[in-house]
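**Q** Before I ask anything, here is the structure I am working with.
The values are calculated or read from the model by the stated rules, or taken from the named source; none is laboratory data. In this text the structure is predicted, and so the values were computed from the model without any measurement. Because the Cβ atoms are built from the backbone with ideal geometry, glycine has one as well, and the counts that use them run over all protein chains shown.
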Amino acid sequence: MWRIATRLRLLILFAALAVLPYLLSYSQQEIAVLLVINVLLVCSYRLLTLTGEWSLGHVVMMGVGAYASALLTKRLGVPVPVSMLAGGLAAAAVAAILSVPLFRMKGFYFLIGSFAAGEIIRLIWKRFTDPFGGPKGLKRIDAFPNIDFGFLEIDFYEPVNYYFLALIVVSASLYVLHRIERSRIGLTFHAIHWQDRLAESVGVDNFRYRTLAFVIASFFAGIAGGLYGHYVGAVNPTRFGVDQMVYVLVWAIVGGTATLHGPILGVVVLTVINEIVLRGLGLDTVRPLIYGAILILSVLYLPDGLESLGPRLRARLRRRGRDPAAAGGRAA
Amino acid sequence: MSGPGERPILEARGLIRRFGGLVAVDNFSFAVREGAIHGLIGPNGAGKTTTFNVISGFYAPNAGQVLYRGRNVSGRKTSALAAMGLVRTFQGSTLFQELSVLDNVRVGRHLTARAGFLARLLGADRPSERAADAKARETLAFFGLEELAGEPASNLSHGHQRMLGMAVALSAEPRVLLLDEPFTGMNPQETRRMMSLVRRIRDGGVTVMLVEHDMQAVMNLCDTITVMNFGALLVEGAPEEVQNDPAVIEAYLGAAADDGAGHAA
Ligand SMILES: Nc1ncnc2c1ncn2[C@@H]1O[C@H](COP(=O)(O)OP(=O)(O)OP(=O)(O)O)[C@@H](O)[C@H]1O
Ligand SMILES: [Mg+2]
């Protein structure tokens, strides 16, 4: 039951998103596809952070989804849309198993534990050439099948078409994440984050809820992985390494994690900076340096992330509107 | 007013809890009768909070048993004990500070507002959530906090925070409520109001065990008082008996002389 203003805003947003690919070059369209997939990656990550736990294994969970979906299509001939869903479920299952050791820990120890767990999974991919393809990974992953309406055939090799496919899957996923957060489940996640002892004392099984957050987050990371694998056509252990995880962290921190749109802002703004500014200026090689600088600057000057800019500006404008003398005084 | 029954609803038998070399709870036993308001007092550091932590499952006992409604529940998870009706509050203001007052109490209704994952996702939990909201507001009204429902808990005065802490615990619908220093930091007027609320909670069928340093309140409120010192049982009895017991006076005076604070007197 959304307010009219919210609906209108969403409508405008989706209209803009529908027009967007036609304003982009072919290579920019390809970047837009990856951007949409990364939105799901970072937003699913945010759900886990609601319970107060930050993991370093989220990108590996994306990889679990990508590998599982690729292998199901390659080895068992499972049709691609079904395999993507199964990839999400595989990531969720791995998260459920990992919860048993990981959620004996909290905070820093969980962070390190999740990193170790992720590295073990990546080691398995590298070590077992059958079926994971070793360090080279999997190649020639089946593409998303064409859809033939008779009068219209949609070919998902075309980035524009895959962009719309990803947009639909990601929007639906974000809606589900939003519903979860707005329900009592989300309230319980917040409660565990702020005071886990008090939550436990009124009957919240903290272990179960931490596991639930981890499983849901991993499911959607796995879906993002499936979308990625069947688009790019190849996956390998390096693609899901810790440096990729650092990007997710930077998107989340720079955007802010208090709202669902915070990490979206983070990933969009940083991708635009990355692709247009850095690549345009030929600064590709110093990318980690610039990301690091942006992270430090945002932690220093925008600790609540980009999401806090809007409310801040609005508050300032309101103050200025009410009391022009004060605004003038400040400027002087 | 309904007096306590004969049957113990909560019992400790030979509880021991060590922290390294320190024996915080030392072979401690007591029995709380159903329907009672049972006081647990003792000088600072006597082991009262540790006892609560063991009973409520935050710590496992090193030895001994906790019996709840005749069953040995030692070492069970806190959340499982809460589901059985054994709920505690915390010393100091332990709240979901960033959540609203209403949301604090809504979290307290975790056990009673049950629904499956899909029901929550699809919004089919709305009837049970509406009921939970109504109950939460009732609880707030009981504590006189209904006006503050929309405020963040962190904005509340100390006295109101203590009340909200009790409101959260009460909304879990306990059979036994363990209160750790419910009156600390309250002014005399607030304390009197809280005392009458504690009586009403008991009259509503909840057995209350409370730790408190405000002796006047404890003597007024409790049917039975257990005094502990250095982790062990010192004396147990009715308020008049305990009040005049030389061992109790000695323990408190000793403690007061030790740290010069004497705020327990
Ligand atoms: N987690 C812990 N680790 C180590 N020592 C502890 C721990 N908890 C309590 N203690 C010690 O156990 C003893 C009993 O502490 P406890 O908090 O139970 O006392 P208390 O009776 O509640 O005191 P107060 O009236 O001051 O609240 C103290 O000496 C305390 O320092
Ligand atoms: Mg204490």
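**Q** Suppose we filter B:R120, B:R137 for residues that are facing chain A (nearest Cβ under 10 Å) and among the basic types (K, R); which single one remains? Let's see the steps before the verdict.
**A** Numbers: B:R137 fails: facing chain A (nearest Cβ under 10 Å).
Only one candidate qualifies: B:R120.
**Q** Any residue in the range B:143-153 that is crowded, with 20+ Cβ neighbours inside 10 Å and within 13 Å of chain A (Cβ to nearest Cβ)?
**A** The answer is yes, given that some residue of the range B:143-153 is crowded, with 20+ Cβ neighbours inside 10 Å and within 13 Å of chain A (Cβ to nearest Cβ).
**Q** Right, something else. Under 7 Å between Cβ atoms, which residue pairs at least 6 apart in sequence (or on different chains) link something in the range B:82-105 that is free of Cβ contacts under 8 Å to residues at least 12 places away in the same chain with a partner that is surrounded by fewer than 24 Cβ atoms within 10 Å (Cβ to Cβ) and in a helix (DSSP H, G or I)?
**A** Once the first residue is free of Cβ contacts under 8 Å to residues at least 12 places away in the same chain and sits in the range B:82-105, its partners that are surrounded by fewer than 24 Cβ atoms within 10 Å (Cβ to Cβ) and in a helix (DSSP H, G or I) give B:D103/A:L187.
**Q** Further question on the same structure: I'd like the full set of residues that are part of a loop (DSSP other than H, G, I, E, B), at negative phi and more than 16 Å from ligand 1 (Cβ to nearest atom), limited to the range B:187-231. It would help to see each step written out before you state the result.
**A** Within the range B:187-231, the subset part of a loop (DSSP other than H, G, I, E, B) is B:187, B:204-206, B:212-214, B:222-223, B:230-231.
When the remaining residues are screened for being at negative phi, the result is B:187, B:204, B:206, B:212-214, B:222-223.
Result: B:N187, B:G204, B:V206, B:C222, B:D223.
**Q** Related question: Condition first: out of contact with any strand residue (DSSP E or B) (no Cβ under 9 Å at 6 or more places or on another chain) and not in a helix (DSSP H, G or I). Can you find one or more residues in the range A:71-78 that meet it?
**A** Within the range A:71-78, one or more residues are out of contact with any strand residue (DSSP E or B) (no Cβ under 9 Å at 6 or more places or on another chain) and not in a helix (DSSP H, G or I).
**Q** Taking interchain pairs and intrachain pairs at least six residues apart, which have beta carbon atoms under 8 angstrom, with the first residue in the range B:177-199 and within 16 Å of ligand 2 (Cβ to nearest atom) and the second modelled with pLDDT under 95 and aromatic (F, W, Y)?
**A** Here the result reads B:D180/B:F90, each pair linking the range B:177-199 to a residue that is modelled with pLDDT under 95 and aromatic (F, W, Y).
**Q** Counting just the residues of the range A:219-236 that are of a type in the set (V, I, T) and crowded, with 24+ Cβ neighbours inside 10 Å, which one comes out nearest to B:S93 (Cα to Cα)? Quick ask: steps written out before the conclusion?
**A** The first filter runs over the range A:219-236 and keeps only residues of a type in the set (V, I, T), leaving A:223, A:232, A:235.
Among the residues that remain, those that are also crowded, with 24+ Cβ neighbours inside 10 Å are: A:223, A:235.
Working: A:I223: 42, A:V235: 51 Å.
Checked the range A:219-236; the qualifying residue nearest to B:S93 (Cα to Cα) is A:I223.
**Q** Could you check the range A:198-221 and list, in sequence order, the residues that are assigned to a helix (DSSP H, G or I), of a type outside the set (S, T, N, Q) and facing chain B (nearest Cβ under 7 Å)? Break it down stepwise before answering.
**A** Residues of the range A:198-221 assigned to a helix (DSSP H, G or I): A:198-201, A:206-221.
From the residues that got through so far, the ones that are of a type outside the set (S, T, N, Q) too are A:198-200, A:207-210, A:212-217, A:219-221.
Those that are assigned to a helix (DSSP H, G or I), of a type outside the set (S, T, N, Q) and facing chain B (nearest Cβ under 7 Å): A:L198, A:A199, A:E200.
**Q** Does any residue of the range A:77-85 turn out to be buried (at least 17 other Cβ atoms within 10 Å of the Cβ) and more than 22 Å from the chain's Cα centre (by Cα)?
**A** Looking for residues that are buried (at least 17 other Cβ atoms within 10 Å of the Cβ) and more than 22 Å from the chain's Cα centre (by Cα), one finds at least one in the range A:77-85, hence yes.
**Q** With the requirement that a residue be part of a strand (DSSP E or B) and over 15 Å from B:G14 (Cα atoms), what does the range B:59-92 give you? Don't jump to the end; show me each part of the working.
**A** Going residue by residue through the range B:59-92, those that are part of a strand (DSSP E or B) are B:63-68, B:71-72, B:86-88.
Of everything in the range B:59-92, those that are part of a strand (DSSP E or B) and over 15 Å from B:G14 (Cα atoms) turn out to be B:R71, B:L86, B:V87, B:R88.
Yes/no per residue for (1) touching a residue at least 40 places away in the same chain (Cβ under 8 Å); (2) hydrophobic (A, V, I, L, M, F, W, C); (3) surrounded by fewer than 23 Cβ atoms within 10 Å (Cβ to Cβ):
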| site | (1), (2), (3) |
| --- | --- |
| A:D130 | no, no, yes |
| A:P135 | yes, no, yes |
| A:I147 | no, yes, yes |
| A:V160 | yes, yes, yes |
| A:L167 | yes, yes, yes |
| A:H190 | yes, no, yes |
| A:T211 | yes, no, yes |
| A:A217 | yes, yes, no |
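**Q** Let me ask you something else. Select from the range B:93-117 the residues that are assigned to a helix (DSSP H, G or I) and within 10 Å of chain A (Cβ to nearest Cβ) and list them in ascending order.
**A** Within the range B:93-117, the subset assigned to a helix (DSSP H, G or I) is B:101-108, B:117.
Scanning the range B:93-117 gives B:D103, B:N104, B:V105, B:R106, B:V107, B:G108, B:F117.
**Q** Going by the structure shown, is B:P182 modelled with pLDDT of 95 or more, assigned to a loop (DSSP other than H, G, I, E, B) and within 20 Å of B:S93 (Cβ to Cβ)? It would help to see each step written out before you state the result.
**A** Numbers: modelled with pLDDT of 95 or more: no; assigned to a loop (DSSP other than H, G, I, E, B): yes; within 20 Å of B:S93 (Cβ to Cβ): yes.
Answer is no for this residue.
One line per residue, one yes/no per condition, for (1) of a type in the set (A, V, I, L, M, F, W, C); (2) more than 28 Å from B:I249 (Cβ to Cβ); (3) within 13 Å of ligand 2 (Cβ to nearest atom); (4) not in a helix (DSSP H, G or I):
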{"position": "B:E11", "(1), (2), (3), (4)": "no, no, no, yes"}
{"position": "B:A24", "(1), (2), (3), (4)": "yes, no, yes, yes"}
{"position": "B:N27", "(1), (2), (3), (4)": "no, no, no, yes"}
{"position": "B:F30", "(1), (2), (3), (4)": "yes, no, no, yes"}
{"position": "B:G39", "(1), (2), (3), (4)": "no, no, no, yes"}
{"position": "B:P43", "(1), (2), (3), (4)": "no, no, yes, yes"}
{"position": "B:G57", "(1), (2), (3), (4)": "no, yes, no, yes"}
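**Q** Moving to a separate point now. Where residues in the range B:120-178 are polar (S, T, N, Q) and in contact with a Ser or Thr (Cβ under 6 Å, 6 or more places away or on another chain), which of them is farthest from B:R202 (Cα to Cα)?
**A** Start the filter on the range B:120-178 by keeping residues that are polar (S, T, N, Q), which leaves B:128, B:139, B:154-155, B:157, B:161, B:171.
Checking the rest, the ones that are also in contact with a Ser or Thr (Cβ under 6 Å, 6 or more places away or on another chain) come to B:139, B:161, B:171.
Details: B:T139: 15, B:Q161: 21, B:S171: 14 Å.
Among those residues, the one meeting the criterion is B:Q161.
**Q** Turning to a different aspect of this structure: How many of the residues making up the range B:59-69 are within 16 Å of ligand 2 (Cβ to nearest atom) and crowded, with 22+ Cβ neighbours inside 10 Å? So that I can check it myself, show each step before the final result.
**A** Taking the range B:59-69 first, the residues within 16 Å of ligand 2 (Cβ to nearest atom) are B:59.
From what is left, the residues that are crowded, with 22+ Cβ neighbours inside 10 Å are none.
Residues meeting the conditions: 0.
**Q** B:Q161 fails exactly one of the following numbered conditions: (1) within 16 Å of ligand 2 (Cβ to nearest atom); (2) within 14 Å of chain A (Cβ to nearest Cβ); (3) modelled with pLDDT under 95. What is the number of that condition?
**A** For B:Q161, the exception is condition (1).
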